């Protein structure tokens, strides 16, 4: 609870716009700033904190810490859950669900829920591929998966993401009912965006949208990115369409497309998070970009090869069980494609935000659009091209 001697300060801050409020608070001790911000609504506190004096220098470290302490919850940034099944759904039924979707990349996990929507467990695509078609998902699911609640603070969620390293996290209410999901990259992008707002000149920003921004101005700032996102989505769809005959002849490839997209996308998000952190904290000035690129490509190769071995084994088992021709060659395609895709995603994770920063765009806001599309195009294109050349 805010102390009595700061109530007047709080009342004054509430009546000011974010810039004026930040100017008033900036002259106060850090503890006073923290108490006042904690007493404000989350979004208003973020708006004011983004204009507080300070930088990414050691002297401005308190400002960065203040943003991390603000009350922003997972429920404010979560997305709808895609890929829910009942406990009695068979493995064959779940795989059929993936194959008949317009986009095979939209399902990373299947969430097993009962008739009330309570989350019972989660099934990975690897679980499906290594199970018998007649088994029900209740037999192969991971019960009681790690999850957030809508009220989980952003700081707690980020800390958990650093320790868990999952691509997606389910969000459930107090009764265990599935409310949505949150991507790991969303957490890091949100944090980087909040810290970035304090030092907009670092990434070439003149101003950012606020809740008080006029309608037409908000439209002008948002709409171009939606058009770009649409164009990039067409590019990814075009790559898959080019190899439509290959997918028709080797149905197993459709099952492994989201596996490849998920792994390469996660690798890219890790590189993206490190790069955004480096931009925000000013570390890239002392660390050569070429060295960072080489490091992320090498990490992509190592991680891609190791996860590729597991995916290749899964493909071999799946293809053999389905009676497909040349299962070993299909496994080799998966291994090479996974390694190559993760290497490229590591490269993109570094170069995309740096390029956007150079052009004066917000790397935290726009990077995910280009990163997702580029990893999908390269990963899917590489796997389907290899399958066409080697297997067919």
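Structure summary
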quantity	calculated
All-pairs alpha carbon distance profile, segment 242-302, 5 Å steps from 0, percent	4, 16, 18, 16, 12, 11, 9, 7, 5, 3, 0
Segment 200-391, Rg to Rh (Cα coordinates; Rh as Kirkwood inverse mean 1/r)	1.06
Rounded FRET efficiency, nearest 0.05, which uses the C-beta distance separating residue 295 from residue 167 and R0 of 22 Å	0.55
Paired Rg and Dmax values of segment 76-186, which use every Cα atom, in angstrom	13.9, 42
Ranked 115, 76, criterion: other C-beta atoms within 10 Å, fewest first	115, 76
Order of 148, 238 under a 10 Å beta carbon neighbour criterion, fewest first	238, 148
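Any read-out appearing in this document is the output of simple, stated calculations on the displayed coordinates, not a laboratory observation. On a predicted model such as this, the values are computed, not experimentally measured, just so you know. Cβ: placed from backbone, ideal geometry, glycine included. Neighbour counts: every protein chain shown.
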